[in-house]
1. Among the residues of region 134-148 satisfying the criterion of being part of a helix (DSSP H, G or I) and of a type in the set (A, V, I, L, M, F, W, C), which is surrounded by the most Cβ atoms within 10 Å (Cβ to Cβ)?
2. What do you reckon, is ALA73 modelled with pLDDT under 90 and surrounded by 17 or more Cβ atoms within 10 Å (Cβ to Cβ)?
3. Here are some residues: LEU271, LEU257, LEU286, LEU243. Which one is surrounded by 13 or more Cβ atoms within 10 Å (Cβ to Cβ) and either of a type in the set (Val, Ile, Thr) or at pLDDT below 85 (or both)?
4. Give the residue, chosen from LEU301, LEU292, LEU348, that is farther than 30 Å from GLN119 by Cβ and modelled with pLDDT under 70.
5. From the list ALA311, ALA303, ALA251, ALA269, exactly one residue is in contact (Cβ under 8 Å) with a residue 60 or more places away in the chain, out of contact with any strand residue (DSSP E or B) (no Cβ under 9 Å at 6 or more places or on another chain), small (Gly, Ala, Ser) and not assigned by TED's automatic domain parsing to the domain that holds LEU126. Which is it?
6. Name every residue in region 185-206 that is in a helix (DSSP H, G or I) and surrounded by 13 or more Cβ atoms within 10 Å (Cβ to Cβ), in order of residue number.
7. So if I check each of LEU113, LEU131, which one is crowded, with 16+ Cβ neighbours inside 10 Å and either in contact with a strand residue (DSSP E or B) (Cβ under 7 Å, 6 or more places away or on another chain) or part of a helix (DSSP H, G or I) (or both)?
8. Please go through (1) among the polar types (S, T, N, Q); (2) outside any loop (DSSP other than H, G, I, E, B); (3) surrounded by 15 or more Cβ atoms within 10 Å (Cβ to Cβ) for SER108 and return the number of the only condition it doesn't satisfy.
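The values are calculated or read from the model by the stated rules, or taken from the named source; none is laboratory data. Since we're looking at a predicted model, the values are computed, not measured. Don't worry about glycine lacking a Cβ; one is built from the backbone with ideal geometry, like all the others, and counts go over all protein chains shown.
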Amino acid sequence: MAVTEQVSRPAPFVEKLGTNLAENVLAQQGVPIVSSGIAGLTQFAGEDPAAFAARQKAGQAFDIRKQNLAGLAPQVAGQDALQGTAQTLAQQNAGIDPTTGQKTGLASFEPFLQTAGQQAQVAAGLGTQALGQLQTAGSTFGAIPTGPMTTAQTQQYMSPYQSQVIDASLAEFDRNKQIQEQQIKDQQTALGALGSGRAGVQLAEFGTGAARERALLQAGLLQQGFGQAQAARQQDIQNRFNLGQAQQGIAGATQNLGAFQSGLAGQQAGLGAQTQSLQGTDISRLGQLGALNQAQTQAGLDATREATRQAAFQPQEQLDRYTNQVTGIMGGYPGQTVSTNVPNPTPLQTALGVGTTLAGVYGGLTGKLTGNFNFNKQSSV
């Protein structure tokens, strides 16, 4: 009995596109991204020689584009030389040994701070010294005598030999008085008037005058001593005043020197801060330049990796675009049914039917690869 076989097939030109797509997909199978060559490609069981040859050709083209697949691995740009220099300078300026990372010396600004500290200590000592000098000057001014000269001050400023001078002067006066008195008596004796009333009056008047002169001599010596004491007191006042002023001047000079030392300390501290700031700026600029160089190097590595990636996946990406286009076309056209009368198979044909069944399995697999089309057969007796 004859058998009528109905097959649902796509339009001929669509079927041709699907077949071509399947051949291209199969050509890319067995060409892994990490393949180092086509030596490992083997022909599939039952694979058409032409399809295998196409797959080998695709593998060869892939190998040409993928000679350096290691370039797909991410790469990081190393530290730039300027960054290393900036790091070394920063460690050295901080007193750190770049080799061991241990602090072995002074930071670049620390000597300035040490000098500033020493000068500040000197300034503080001068300030204390100036205060002591001002106190001494104050004591000097406080000891200056004021007001009228007292008896005690008179004795203080009078010559310690005043009494001896007065005593000696009065003794000499008394000796001269005695000599003169004896001369008067000798004259009266020569005249024979000694002991008379007239002689007595003469001696009395001489004694009175001598006593008056002796009192005047003593008063004059005392007045002279008092005047000298006053002059000495006034000179002492002037000397003390001059000394106080001199002490004040020394204290002021000491204060000025202390202020100068304090200013030097501030300048040294400023130099330290400025040194640290300038060096920090230079180090920062070196680091920034190094970072720019490193970024530029990284950009080159990234660009090379991207170019390598595009070259590696270009066949697959091109096939994906082609697949999308073909499946879009295939989905837009309806299929058609073809009926064929087939006579009853002979026993030999029945045996060969196993091969037909296997071919159908292969066709089903091929349909999965092509995506949107299958060859559906319906048989009826």
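1. Per the stated criteria, the residue is ALA137.
2. No: the conditions fail for ALA73.
3. LEU286
4. Going through LEU301, LEU292, LEU348 in turn, the sole match is LEU348.
5. Result of the check over ALA311, ALA303, ALA251, ALA269: ALA311.
6. LYS185, GLN187, GLN188, ALA199, GLY200, GLN202, LEU203, PHE206 - these are the residues of region 185-206 that are in a helix (DSSP H, G or I) and surrounded by 13 or more Cβ atoms within 10 Å (Cβ to Cβ).
7. Going through LEU113, LEU131 in turn, just one is crowded, with 16+ Cβ neighbours inside 10 Å and either in contact with a strand residue (DSSP E or B) (Cβ under 7 Å, 6 or more places away or on another chain) or part of a helix (DSSP H, G or I) (or both): LEU113.
8. It fails just one condition, (2).
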